[in-house]
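Below: one structure, written as structure tokens.
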Amino acid sequence: MKKFRNLLLIVIVALPISAYAGDDASLIKTRFVYEVPSTVDIEKLKASLKDAIKFRAVDKTEEVNNFMPDDLPEKPGDVVFPDSNTPSSNNMFGSIVSNAMTTNGQMVAMSANMKGAVYGIKGYYATTVIGFSKNNSSEGYVGAIYPYEKGYRVYIYTFFNKSRDMFGKAADWLVGKTLTGDLDQGYSNAVQVRDKFLEAEPEATIKRQDPPFLSQYKLSTLNTVTKIESTPAVKMVESQESGIK
């Protein structure tokens, strides 16, 4: 262990400052927007979305199931999240809650309002690893299906935050170099969920993904994320406001 610690210290000295000087309080957010034809089996579509979300949200999930509307809307709905710029109250506790709603992946995901969705699921996964280094991470995931005149609009939102000490940051940097080619863990997790849904629903097409650079990565056969050598252009269309502030 002592030999490994000394080696890690050497690596830390050699690392670029960007490898461990980032703001751990920041929240990594992603959004994927899919278009699915109305001919798909809606129950299978629900199951596919559920399996994709639960691939990462292994701690807890909550689901909502609604009837199909008699009259389909012209435009699809979208998930709404609380305005993080509005304090919960004027006291200290309210400020703490407001800050957590802004930076904690679990709390942001579980605050999602999926009103109008024929199906929705939200969940989270939180970890604490303590050894010679300390890592705390919180992952939140939201999926929703909105029917409209042209078919189904499916959304997947992911949220990730982490706090680490210096050793944890160095270890994460080394693992990231090996597995994802510098892709942050929060983005890597999001790509996994994105592609798990596409594997189960090949008729679904990605209409938008934020941030767009995620199109450069894909899920490998080992459930790790790899960079694509040459990426075909992804057709992007305008969508409604996501509700994330």
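The values are calculated or read from the model by the stated rules, or taken from the named source; none is laboratory data. Quantities reported herein were computed from a predicted structural model and do not represent experimental measurements. Here Cβ is always computed from backbone atoms with ideal geometry, including for glycine, and neighbour counts include all displayed protein chains. Note: areas computed on protein heavy atoms with side chains; ligands, DNA, RNA excluded. Shrake-Rupley method; radii C 1.70, N 1.55, O 1.52, S 1.80 Å.
I'm trying to understand the selection: among the residues of segment 185-225, which are under 19 Å from residue 26 (Cβ atoms), polar (S, T, N, Q) and either assigned to a strand (DSSP E or B) or open to solvent by less than 30 Å² (accessible area, probe 1.4 Å) (or both)?
Listed by number, the residues that qualify are 188, 189.
Considering only segment 117-157, how many residues are open to solvent by 40 Å² or more (accessible area, probe 1.4 Å) and either over 19 Å from residue 35 (Cα atoms) or at pLDDT below 95 (or both)? First the steps, then the outcome.
The initial filter retains those residues of segment 117-157 that are open to solvent by 40 Å² or more (accessible area, probe 1.4 Å), namely 124-126, 128-132, 134, 136, 149-150.
Restricting the remaining residues to those that are either over 19 Å from residue 35 (Cα atoms) or at pLDDT below 95 (or both) gives 124-126, 128-132, 134, 136.
Count: 10.
Only one residue in 37, 16, 87, 76 is at pLDDT below 95 and surrounded by 11 or more Cβ atoms within 10 Å (Cβ to Cβ), so which one is that?
Testing whether each residue is at pLDDT below 95 and surrounded by 11 or more Cβ atoms within 10 Å (Cβ to Cβ) leaves just 87.
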